[in-house]
Amino acid sequence: MAKMDKLLRGILLTAACFIIVLTAGIVYGLVSQSWDAFASFGFFRFIASTEWDSRNDIYGALPFIAGTVMTAVLAILFCIPFSLSVSLFNGEYFRNKKLSLFVSSVVDLLAGVPSIVFGLWGFYTLRPVLVDLGLSQQGFGVLLASIVLAVMIIPYASSLSAEFIAMVPNDLKEGAYSLGATNLEVIQRVSLPVAGSGIFASYILAFGRALGETMAVTMLIGNTNNIPRNLADTGNTMASIIANQFGEAGGLKLSALMVIGLLLFFITASVNFIAKYIMKLVNR
Amino acid sequence: MKKIALFVLLVTLLASCGGSSQKTASVKISGAGATFPAPFYNIVFRDYATASGNEVTYGGIGSGGGIRSLKDKTVDFGATDVFLSAKELSEMGAEVIHIPTALGAVVLSYNLKGVKDLKLTAGLISAIYRGKITNWNDERIKSLNPGANFPDKGITPVYRSDGSGTTAVFSEYMSKVNNEWKESIGEGKSLQFPTGVAAKGNPGVAGIIAETEGAIGYIGSEYALALNIPSAMLQNSSGNFVKADSKNISASANVDIPGDTRVVITNSPNPEAYPVSTFTWIILYKEQQYNKRTEADARALVDLLTHITGPNGQRIATKTYYAPLSTAALEKTTEVINSITYAGQPLSK
């Protein structure tokens, strides 16, 4: 038995080390390929420049950073009313009821839908609505991308939040009820404050997911290399510029795309790290 | 017992393998390069394979990749939409020749209810893409199309978000004939436009146009013709407004073609020509004896090229919505194929 134990230990250790080596390899690959762009533009000039000129080989990432931040922040704002309601529904009001199980499986289903399907829905269904509303001439842009992103991240934000809300100790809630508090007051004064940092962490995770989403955004944002001037304006995100241009890119342009990939890697990694850290504090 | 049975099985398998390969004795030809002619090549290569018993494989990896693969000698021929510059030719190590196989064009497709046979000039296209004309009821568009009824509808110019030969051909033409375009947008595979939306690939651009009233965008003719997407008539260098069909695209190559076939045929002087047309080429080494290539390998390759540029191959080009080579182009192409040698000896019969 002890022998088997040792063997299993060895296998697990190898698998774990392999993941670390793999991640390190990805970072190494990105860094080594980004070197040319760093050397020619300098890090701060690269992220502060709005120029993306293939003809003269001058590249800057500001429009894409702006597009990424705008779409992700808007997506979080749009998704809060829905995902918070869903998580209260599943975690508090209808906890363990049949209806709640049904709703949470539908939400989970949403998480499993490939992003290209969301892209199609945005392109063929939502975009004509925005055009009819007169928001813009062709519908593409930050607003369209953000709305679809918001729908895509609802499951990430709501499932985890619901768990944190369900974790609020019953004694606390019962205490509040015994003092004559209504349902709403219990949620406002007890559940939300207690589960608050957990909910916050789940929104940060959802934010990380919105930052890196590629396919649906590429289909909907309009792919123009400018800083969006308003919500109806078109733009480009860090993920979508890579998806659009890596195919025929070479030399300095490829290196510039690698820098954007590296930035995206570190931004999403740190967002995830922050969320995990907050959750650890909560669980303690 | 089991081992013996396995051994017998193995021997029979090996024997059968050996037998079959001896029987066919076919030559394997491999190529890689441009994606633009890939639909044509896939069919014409299969057609050649059935006719000759030789095998042809083709990888649509982009023109740049095709040139690199030929240079690395990992393929027997490359394919490119842009002919090699003098500098690129000198870097290939030995003499490389260009064989035009078909023509394609870039068309301006649009979505405007009730407007058929839209006429456009390079000046108008330039003004639309530079954001100087923003509505379809602009006087400049109306005066060029007196019969048509233009709605009060904003124009959404659509362009390619990825680097592409389509953008390169279109912008080369625009820069050649319109100074404002040349100075603001310029030419290249991947460009910055001051207005409009962008999408990936011909299908991306065509999809946006199909779903957006008032949109206009440039797409490859092979894609537009295959799907029957309406496109504008453009004014050519003789002042005629011409449709992008197989005949008019071919006509743009009915001009003086240089001996090496390396020529840009946009804005062709031929009065019937559609102005935004281009050749697509297969490139290969003129001297075929390299890297242990046998004379049979070289002969099969010449055979393949003769098949593509012959009547059967060109019929397939038309069927797959490319334009066939013009008489002038065919003449020069045959000369180039005849110049291919093996160990210094010409290969053609």
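The values are calculated or read from the model by the stated rules, or taken from the named source; none is laboratory data. Just so it is clear, the model here is predicted, and its values are computed rather than measured. When we count neighbours, we look across all protein chains shown, and the Cβ atoms used for this are built from the backbone with ideal geometry, even at glycine. Note: accessible area is taken over every heavy atom of the protein model, side chains too, but ligands, DNA and RNA are not part of it. Shrake-Rupley method; radii C 1.70, N 1.55, O 1.52, S 1.80 Å.
Name the aspartates and glutamates eligible as straight-distance cross-link partners of B:K71: C-alpha to C-alpha under 12 Å, and not fewer than 8 places from it in the same chain.
The reachable aspartates and glutamates, counting only those whose Cα sits under 12 Å from B:K71, are B:E88, B:E91, B:E95.
Among A:F266, A:N236, A:Q188, whose Cα projects farthest towards the positive end of the dipole of the stretch A:139-284, with charges put on the beta-carbon of Lys, Arg (+1) and Asp, Glu (-1)?
The residue sitting most towards the positive pole is A:F266.
Below 8 Å, C-alpha to C-alpha, sequence gap of six or more: please give me the relative contact order for the stretch A:189-284 in percent.
Averaging sequence separation for qualifying contacts and normalising by length gives 38 percent for the stretch A:189-284.
Could you order B:Y48, B:Y290 by accessible surface area, starting with the largest, using a probe radius of 1.4 Å?
So, going from the largest accessible area down, we get B:Y290, B:Y48.
What total accessible area, in Å², is buried where chains B and A meet, using a 1.4 Å probe and rounding to the nearest 100?
For B against A, buried area totals roughly 1800 Å².
Tell me the carbon and sulfur percent of the accessible area for chain B, rounded to whole percent, probe radius 1.4 Å.
Numbers: 8380 of 15420 Å².
That share works out to 54 percent.
Over all residues in B:212-221, what is the mean tally of Cβ atoms on other chains that come within 10 Å of each residue's Cβ?
Partner-chain Cβ atoms within 10 Å, mean over residues of B:212-221: 2.
Using the Karplus equation 6.51 cos²θ - 1.76 cosθ + 1.60 (θ = phi - 60°), what ³J(HN,Hα) coupling, rounded to whole Hz, does each residue of the stretch A:79-92 give in order, writing x for Gly and Pro?
Whole-Hz 3J(HN,Hα) from phi for the stretch A:79-92: 7, 3, x, 6, 5, 5, 4, 5, 6, 5, 4, 7, x, 10.
With r defined as the distance between the Cβ atoms of B:E287 and A:T50 and R0 fixed at 45 Å, what FRET efficiency is calculated, to the nearest 0.05?
The computed FRET efficiency comes out at 0.35.
Enumerate lysine pairs in the stretch B:80-158 that are 8 or more residues apart or on different chains, then count those whose Cα atoms are under 16 Å apart.
Working: B:K113/B:K142; B:K113/B:K153; B:K116/B:K142; B:K116/B:K153; B:K119/B:K142; B:K132/B:K142; B:K132/B:K153; B:K142/B:K153.
Close lysine pairs found across the stretch B:80-158: 8.
What nm value, rounded to one decimal, do you get for the distance between B:K247 and B:E95 when each label is placed 7 Å out toward the C-beta?
It works out to 3.9 nm between the two label points.
How well do other chains shield peptide B:190-200, expressed as the mean number of their Cβ atoms within 10 Å of each residue Cβ?
Per-residue shielding by partner chains comes out at 6.
Are there any helices in chain B, counted as whole DSSP H runs, that stretch 30 Å or more along their axis by Cα and score at least 0.0 on average by Kyte-Doolittle, and if so which?
Helix filter hits for chain B: B:2-24.
In Å³ and rounded to a whole number, note down the convex hull volume per residue for the Cα atoms of the stretch B:106-277.
110
Largest first, how would B:T333, B:T121, B:T306 line up by accessible area (1.4 Å probe)?
Correct descending sequence by accessible area is B:T306, B:T121, B:T333.
Using a 10 Å cut-off on Cβ to Cβ distances, tally the other chain neighbours for every residue of A:239-251 and report the average as a whole number.
Across the residues of A:239-251, the mean count of other-chain Cβ atoms within 10 Å is 4.
Let me know the charge dipole size of the stretch B:106-277 about its Cα centre in debye, to the nearest 20, where only the beta-carbon of Lys, Arg (+1) and Asp, Glu (-1) is charged. Before the final figure, lay out each step's value.
Details: 16 positive and 16 negative charges, 40 e Å.
So the dipole magnitude of the stretch B:106-277 works out to roughly 200 debye.
Top to bottom by accessible area (1.4 Å), largest first, where do A:C17, A:C79 land?
A:C17, A:C79
Below 8 Å between Cα atoms, with a sequence gap of 6+, how large is the relative contact order for the stretch B:45-165 in percent?
Relative contact order here is 15 percent.
Which aspartates and glutamates, if any, have their Cα less than 20 Å from the Cα of A:K98, not counting same-chain residues under 8 positions apart?
A:D108, A:E163
For chain A, set up a GNM with springs between Cα atoms under 10 Å and report which of A:L257, A:L88, A:L144 has the largest fluctuation.
Highest fluctuation among the options: A:L88.
Tell me what chain B gives for mean residue ellipticity at 222 nm when only DSSP H runs of n ≥ 4 count, each as -39,500 (n - 2.57), the sum divided by the residue total, rounded to 500 deg cm²/dmol.
On the way: 14 runs with 144 residues, N = 349.
Value at 222 nm, helices only, nearest 500: -12000 deg cm²/dmol.
In whole Hz, with x marking every Gly and Pro, tabulate ³J(HN,Hα) for the stretch A:95-105 from phi via Karplus 6.51 cos²θ - 1.76 cosθ + 1.60, θ = phi - 60°.
Working through the residues one at a time gives 3, 6, 7, 4, 4, 5, 4, 5, 4, 5, 6 Hz.
Once you charge only the Cβ atoms, +1 for Lys and Arg and -1 for Asp and Glu, what is the size of the charge dipole of chain B about its Cα centre, to the nearest 20 debye?
That gives chain B a dipole magnitude of about 780 debye.
Which one, B:S69, A:N96, B:V276, projects farthest toward the positive side of the charge dipole computed for the protein assembly as shown from Cβ point charges (K/R +1, D/E -1)?
Selected residue: A:N96.
What percentage of the solvent-accessible surface of the stretch A:62-236, computed with a 1.4 Å probe over protein heavy atoms, is contributed by carbon and sulfur atoms?
Values: 5430 of 7810 Å².
After summing per-atom areas, the C and S share lands at 69 percent.
Does chain A come out rounded, prolate or oblate by the C-alpha gyration tensor, with a ≥ b ≥ c the root eigenvalues, rounded set by a/c under 1.5 and, if not, prolate when a/b is larger than b/c and oblate if not?
Taking the square roots of the gyration eigenvalues as a ≥ b ≥ c, chain A is oblate.
Determine the dipole magnitude for the stretch A:62-236: charges of +1 sit on the beta-carbon of Lys and Arg, -1 on that of Asp and Glu, nothing else is charged, the reference point is the Cα centre, and the result goes in debye to the nearest 20.
100
Enumerate the lysines that B:K176 could reach by cross-link, defined here as Cα to Cα under 19 Å, with residues fewer than 8 away along the same chain left out.
Within the straight-line cut-off, B:K176 pairs with B:K189.
For chain A, modelled as a GNM with alpha-carbon contacts under 10 angstrom, which of A:S178, A:S270, A:S87 fluctuates the most?
Of the options given, A:S178 has the highest mean-square fluctuation.
Based on DSSP H runs of at least 4 residues, each adding -39500 (n - 2.57), what is the mean residue ellipticity at 222 nm of chain A after dividing by all its residues, to the nearest 500 deg cm²/dmol?
It comes out at -24000 deg cm²/dmol, rounded to the nearest 500.
Multiply the residue separation of B:K113 and B:E55 by 0.36 nm, subtract the distance between their alpha-carbon atoms, and state the gained length in nm to one decimal.
Extra length from B:K113 to B:E55 when fully extended: 16.1 nm.
Once R0 is set to 60 Å, what does the formula 1/(1 + (r/R0)^6) return for the Cβ-Cβ distance between A:F82 and B:V264, expressed as a FRET efficiency to the nearest 0.05? Please report the intermediate quantities before stating the final value.
Numbers: r = 55 Å, r/R0 = 0.92.
Calculated value: 0.60.
Roughly what angle does helix A:192-212 make with the longest principal axis of chain A, taking Cα atoms, 0 to 90 degrees, to the nearest 10?
Roughly 20 degrees between the two axes.
Just to confirm, what accessible area per residue do you get for the stretch A:62-236 at 1.4 Å probe, in whole Å²?
Per residue, the stretch A:62-236 has 45 Å² of solvent-accessible surface.
If the viscosity is 0.890 mPa s and the temperature 25 °C, what Stokes-Einstein diffusion coefficient in µm²/s follows for the protein assembly as shown when Rh is the Kirkwood radius over Cα pairs?
Working: Rh = 28.5 Å.
After rounding, the answer is 86 µm²/s.
Accessible area of B:K87, 1.4 Å probe, to the nearest 10 Å²?
Ignoring ligands and nucleic acids, B:K87 comes out at about 140 Å².
If you build a Gaussian network model of chain B, linking Cα atoms that sit under 10 Å apart, which residue out of B:E139, B:E287, B:E172 swings the most?
Highest fluctuation among the options: B:E139.
Note down the nm distance, to one decimal, between modelled labels 7 Å out along Cα→Cβ at A:L135 and at B:S238.
According to this spin-label approximation, the distance is 5.1 nm.
Could you tell me which of A:G141, A:I154, A:V73 has its Cα farthest along the dipole of the stretch A:62-236 towards the positive end, charges placed at Cβ (Lys, Arg +1; Asp, Glu -1), taken about the Cα centre?
A:G141
So for the pair A:F246, A:L184, with labels modelled 7 Å out along Cα→Cβ, what separation do we get in nm?
5.0
Quick one: Cα convex hull volume of chain B, Å³ per residue?
165
Please check the stretch A:129-155 for residues whose accessible area, probe 1.4 Å, is lower by 10 Å² or more when all protein chains are in place than in their chain alone.
Buried by the other chains: A:Q137, A:Q138, A:F140.
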